[in-house]
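Heads up, the thing below is written out as structure tokens.
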């Protein structure tokens, strides 16, 4: 673990054993939120706004959000892949900054992504489903990993169509015209 990540983790302390009793907002999908533990967010991932780092049992663990794909910050800003990457990272940071998150597995999905990170839905008290919030605000697009039809896919596709129709984020004709 890097020195910076270690200091962030020490500053947050151990993860609490409490669980969310529910999630706020229109983006909540789960009915059994109380059965899932919560974890402190250590960081949002540096290259993309679809991965975060949380503390699980005293270890830093990468978590790739199910059903979303955000622009890569390592791409040039004028490419389709990199357009809106910095703004998407800031959106994710504003959603999860100094939060505790609830992670939820989807039975239709593998446990881990190709890079070894956990594949999970991520929920926070103020916004509910982080992936849904990212899609709705144009910070990410709907993404089907390994052609597996995950549980929230139709909901995420609806949110993506709404974002596209509202001309926001990666769907903005003035910011990312190559996506229109």
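The values are calculated or read from the model by the stated rules, or taken from the named source; none is laboratory data. Everything numeric here is computed off the predicted structure, so don't read it as measured data. Glycine also receives a Cβ, built like all others from the backbone with ideal geometry; neighbour counts cover every protein chain displayed.
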- request: Output the residue which, of all residues in the range 105-125 that are closer than 16 Å to residue 54 by Cα and touching a helix residue (DSSP H, G or I) at 6+ places or on another chain (Cβ under 9 Å), is surrounded by the fewest Cβ atoms within 10 Å (Cβ to Cβ).
  value: 113
- prompt: Can you name the number of the only condition in (1) more than 19 Å from residue 61 (Cβ to Cβ); (2) within 14 Å of the chain's Cα centre (by Cα); (3) touching a residue at least 24 places away in the same chain (Cβ under 8 Å) that residue 90 fails?
  reply: (3)
query: So which residues in the range 148-180 are closer than 11 Å to residue 67 by Cα and surrounded by fewer than 17 Cβ atoms within 10 Å (Cβ to Cβ), if there are any at all?
result: 148, 149, 154, 157
- line: Over the range 42-60, the set of residues within 14 Å of the chain's Cα centre (by Cα) and at pLDDT 90 or above is 49, 50, 51, 52, 53, 54
query: Could you list, in sequence order, the residues of the range 161-180 that are modelled with pLDDT under 95 and either in a helix (DSSP H, G or I) or under 19 Å from residue 119 (Cα atoms) (or both)?
result: 177, 178, 179
message: When you check residue 127 against the structure, is it in contact (Cβ under 8 Å) with a residue 24 or more places away in the chain and over 17 Å from residue 69 (Cβ atoms), yes or no?
response: yes
field: Failed condition for residue 106, given (1) modelled with pLDDT under 95; (2) within 22 Å of residue 41 (Cβ to Cβ)
entry: (1)
- request: May I ask you to say which residue of 74, 158, 133 is at negative phi, out of contact with any helix residue (DSSP H, G or I) (no Cβ under 7 Å at 6 or more places or on another chain) and part of a helix (DSSP H, G or I)?
  value: 158
field: Among the residues listed as 134, 144, the single one being in contact (Cβ under 8 Å) with a residue 24 or more places away in the chain and surrounded by 22 or more Cβ atoms within 10 Å (Cβ to Cβ)
entry: 134
